[in-house]
Structure formats: C-alpha cells, structure tokens
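Worksheet for the structure shown next.
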Amino acid sequence: MNFFLVNGAIVGKGVGSKLLSEAEKDLQGKRIYLYTDDGSTFQFYDKRGFTRVGEKQISMLNGTDSVPLTTMLYAKEY
C-alpha cells in the first residue's frame, strides 16, 4: 500500500479502521513502517498499536509561504 487516505467528510465513520483491518490479514509475521505528519490524523495510528519510532521537523512550501510540519515514522509488528 503506498497511500492511505479517507475523505475528510467521512473521517470517524470507521472506514479507515475497516481498510486497515483488511490489509492486516496479509501482514501476519511482517513488520511494517509508515510515514505521516501532524497535518494528518496521526492519532489513528496511535490508537491502533503503532509505535512512533522517529520524528523530524521540516518546512513545506505552500506557494511562497514556508509551513512548519512534524513528520513521523511509525512501525508495527504483526
């Protein structure tokens, strides 16, 4: 899986949890890593047993503005 996104209009309806549950069926015996940032709902991964193993402060350009962002690396063993 390269990108995991749920439409903001339906966040909190269980769609992301169902998608992750289906993906987990193929992950037994594997360790996975994912990147996210504080502009996303990173708490989703905190609640599902992922461990934050890294964090880095970056700046992202938005037009001519520089926006501070915290990127996070998560891991989970299945």
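The values are calculated or read from the model by the stated rules, or taken from the named source; none is laboratory data. Quantities reported herein were computed from a predicted structural model and do not represent experimental measurements. FYI the Cβ positions are ideal-geometry reconstructions off the backbone, even for glycines, and counts take in every protein chain you see. Remember, those area values only see protein heavy atoms, side chains included, never the ligands or the DNA or RNA. Shrake-Rupley method; radii C 1.70, N 1.55, O 1.52, S 1.80 Å.
Using a 1.4 Å probe on the protein heavy atoms, what percent of the accessible area of the chain belongs to carbon and sulfur? Please report the intermediate quantities before stating the final value.
On the way: 3100 of 5880 Å².
After summing per-atom areas, the C and S share lands at 53 percent.
With the other protein chains left in place, how much accessible area per residue, in square angstrom, belongs to segment 1-52 at a 1.4 angstrom probe?
Working: 4090 Å² over 52 residues.
Per-residue accessible area for segment 1-52 comes out at 79 Å².
Could you pull out the trypsin sites (Lys or Arg not before Pro) across the chain that fall in loop regions by DSSP (anything but H, G, I, E, B) with no more than 13 other Cβ atoms inside 10 Å?
Passing sites in the chain are K13, K25, K30.
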Computed lengthening from D46 to N7, 0.36 nm per intervening residue step minus Cα-Cα distance:
12.1 nm
Summing -39500 (n - 2.57) over the DSSP H runs of n ≥ 4 in the chain and dividing by its residue number, what mean residue ellipticity at 222 nm do you reach, to the nearest 500 deg cm²/dmol?
-5000 deg cm²/dmol
What is the Cα convex hull volume of the chain when expressed per residue in Å³?
99
Under a cut-off of 13 Å between alpha-carbon atoms, report the aspartates and glutamates in cross-link reach of K30, not counting same-chain residues fewer than 8 places apart.
E77
Dipole of the chain, positive direction: furthest Cα of G54, L5, V15, with charges on the beta-carbon
V15
